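Participant: Following this message is one structure expressed as structure tokens.
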Amino acid sequence: MRLAAAVIVGLVAFSAGWLAMLPGLGFWDTAELQTVGPLMGTAHPTGYPTYVLIGWGASVILQAFGEPAFRMNLLSAICLAVAAGVTVDLVRRLTGWLVLGVAAGIAMALTPIAWAIGTHAEAHSLHLAFVAILMWLLVAWEADGQEARDDRLLVAAAVVFGLAVGNHSLTLLLAVPVALYVLAVEPRILQRRRLVIRCVGSFAVTLAIVYLELALRAGPFRAALVYGAPNTLEGFVYVVFGTQFAGSVVSPIADLPLTFGELAGRAVAQFGVVAPAIPIAFVVTAIRRPRYALLTGTAAAFTVVFAASYENADILRYYLGPALMAWTWVAILAGTVVDAIAGVAGYPTGSRSERRLSHLIAIVVALALLAPTALAIPARYGAVDESQKRAATIWADRALQIMGPDALVVSWWGYSTPLWYHQRVLGERPDIAIVDDRTRLDENLGSVTDVIDANLGDRPVYVIRQKSYEAASLAMRYELDYLGGTDARSLTLVVGPKVGS
């Protein structure tokens, strides 16, 4: 029954991702992950080697479902399904109610940020699955009493933690919460040296094997797309630790009213009418499951503070872990409500009448828990639906048709990645040189104008720039043919230098 319920909820989550799924190629990081997965290459910092390795396996196993880009999108829906299915049994262990686990699993999967990452290639979808699995292993290990505890579950948690770190460095924020939880469950665990060594060793070996992918695929077994130079010590540190993003973290307490206001707004947007119950649910969790509250409360706090402090990119997806944790708190609150209502009836504890009434109440409470999500499905589907988005495929096809033989295009990240996909995964237009800003750095090619000047007159040269000031600067220096656009922010042919420039 437990497995069947988890599978059914997983299928619901997968179906939700499938219905809203991007049908093919995307722009930006989506296209990059759709490229490095099938190629077993290296993504932008922190390299995401776990995602790359699993993505490569998925691209092989899922060949019957379509082209590589779609297979990588499909992997995200699978990860969402795994997270939802695991949540079912996690909540069952925490509350004793399978039906509440079903409600929490479905509600979590249909939370806007979770549903959205299940529709396209995204490392955060795998992160969500790892967080769910990690929490399940830790809660399963806790058990009741040291004699009943299965330490293999803790070793497995160490392995999963290593895989999760290799997928996304956001996992490192869970290190202290996990350590506190383990110490709370077993205060004398440091005296069990063999177990500690097994756990630390399992984590270290897993992490080493995963990150070896970066060095090998950038070195002796070089992939067709490698970010940076992780086969050197300096390059490895640069990619793994994301030093290019240094300075992206700011103080979240600079404007506390604004920060709290934004967090409250995000909670309402994700949970709807359930949002006000989350603080109450955490308090109840702290009373009923104090060690689990310690684990998830500190993990959610660390993650939320970091997400509120990070300014580099869209960080809404950084709240995925806390969203999953919040749904487990709400489920624990729901379980408390079930027990309280059943207790009022006055039936003898454990009697058939008491069990029947409790099951009936649990079903009603689970339906009430799911009702806000069910009512919000049409609006949420409209917001996350990518099933009709073909802009990247259309743009890349047109760009590759327009560019002449042996052309060079000086591109930027958002447009470079779909071009790389077509060229290096699908094998189209191998004659074209795609010079991204990253390429200019890695190959010491100089500025955009240095690259243009070095090739102009020898081959067709095209540019695509992101910033309006860059486009304006190029227009002042070169004669440009905008090929249907209005400036160099779209694909533009560099005809030649302007007279007198």
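Participant: Pairs please, first residue from segment 159-186 and surrounded by 22 or more Cβ atoms within 10 Å (Cβ to Cβ), second anywhere and basic (K, R) and at pLDDT 90 or above, Cβ atoms under 9 Å, 6+ apart in sequence or on different chains.
Facilitator: Here the result reads Y181/R291, each pair linking segment 159-186 to a residue that is basic (K, R) and at pLDDT 90 or above.
Participant: In this structure, does A116 turn out to be in a helix (DSSP H, G or I), under 27 Å from A362 (Cβ atoms) and in contact (Cβ under 8 Å) with a residue 24 or more places away in the chain?
Facilitator: no
Participant: Among the helices (runs of 4 or more DSSP H) contained in segment 356-475, which hold 1 or more residues that are without any contact (Cβ under 8 Å) to a residue 12 or more places away in the chain?
Facilitator: The qualifying helices (runs of 4 or more DSSP H) are 391-402, 437-442, 448-455.
Participant: Hey, any hits in segment 38-49 for a residue that's under 28 Å from L212 (Cα atoms), of a type in the set (F, W, Y) and at pLDDT 90 or above?
Facilitator: Within segment 38-49 (the criterion being under 28 Å from L212 (Cα atoms), of a type in the set (F, W, Y) and at pLDDT 90 or above), the answer is yes, since at least one residue qualifies.
Participant: Could you go through segment 284-302 and let me know if any residue there is among the aromatic types (F, W, Y), at pLDDT below 90 and surrounded by fewer than 17 Cβ atoms within 10 Å (Cβ to Cβ).
Facilitator: For segment 284-302, residues among the aromatic types (F, W, Y), at pLDDT below 90 and surrounded by fewer than 17 Cβ atoms within 10 Å (Cβ to Cβ): absent.
Participant: Only one of L11, L3 is out of contact with any Ser or Thr (no Cβ under 7 Å at 6 or more places or on another chain), more than 20 Å from N167 (Cβ to Cβ) and modelled with pLDDT under 95; which?
Facilitator: L3
The values are calculated or read from the model by the stated rules, or taken from the named source; none is laboratory data. Because the structure is predicted, anything quoted here is derived from the model rather than measured. Because the Cβ atoms are built from the backbone with ideal geometry, glycine has one as well, and the counts that use them run over all protein chains shown.
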